[in-house]
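Here's the structure, in structure tokens; my notes come after.
The values are calculated or read from the model by the stated rules, or taken from the named source; none is laboratory data. Small disclaimer: the values here were computed from a predicted structure and weren't measured. With ideal geometry, Cβ positions are generated from the backbone for all residues, glycine too; neighbour counts draw on all protein chains shown. Calculation scope for accessible area: heavy atoms of the full protein, side chains included, ligands and nucleic acids excluded. Shrake-Rupley method; radii C 1.70, N 1.55, O 1.52, S 1.80 Å.
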Amino acid sequence: MPTLDEKINSFEEQISIRHLRIGEVLSERFLVGDPNDELSHSAFVILGIGLSYFEMIEQFVTGNDSDRRSGHFFEEGFKRVYVATCLSPDDISRIYRRHRSGLFHTAMSKDLCSIDRSKMKAFEIQGDVLYINPAVLIQDVRLHFDQYCRDLRDPDPSKDLLRQNFLKTFDRLSSAANPQGTIVPGTTPPPGLV
């Protein structure tokens, strides 16, 4: 049976290398904005990676399944990453309903939004338009995720509930994907991503 450390390492690799690092590589190209570089047009792919983080992290932090409560988990996870957000609950709900769900279900946003490389915040609302800088979103999510992994490894007893909830979610997802309960090695990341 895998140890706690092995489970944390497996989880960290899955999210860090297979999601966030891909978002970071694309963000570098997006920020350059070279019109001749196809990857400079990857804003919505980056946004999809970043927006998937909120629901996921809320499940791991709380130990609960988001099944049929996806919007609530997204909104709570969003507030974990953006603790001091100026966005209202309605704004966060709009991001979930119109942008996250739009990208996941129709491969496009269902609302007015402007992708803006120059914005210093990931999300900013001006009038009816949501301005998004997906590269900043990935930076913010990376900072949050790295801190979460440090907290999981922190032996302080105040982190016990965080670890219990992590294990609850990790084991639930692992047993659904792998009934033998072992950690299955994943694919090797592409060269240069590690």
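Points worth noting:
- Label point distance in nm, Arg97-Leu31, each placed 7 Å from Cα along Cα→Cβ: 3.4
- Solvent-accessible area, 1.4 Å probe, carbon plus sulfur percent, for the range 11-156: 51
- Normalised convex hull volume, the range 1-102, alpha-carbon set, Å³ per residue: 133
- The accessible area of Ile115, taken with all protein chains in place and a 1.4 Å probe, comes to roughly 50 Å².
- Rounded to the nearest 0.05, the FRET efficiency derived from the C-beta distance between Ser88 and Glu13 at R0 = 41 Å is 0.70.
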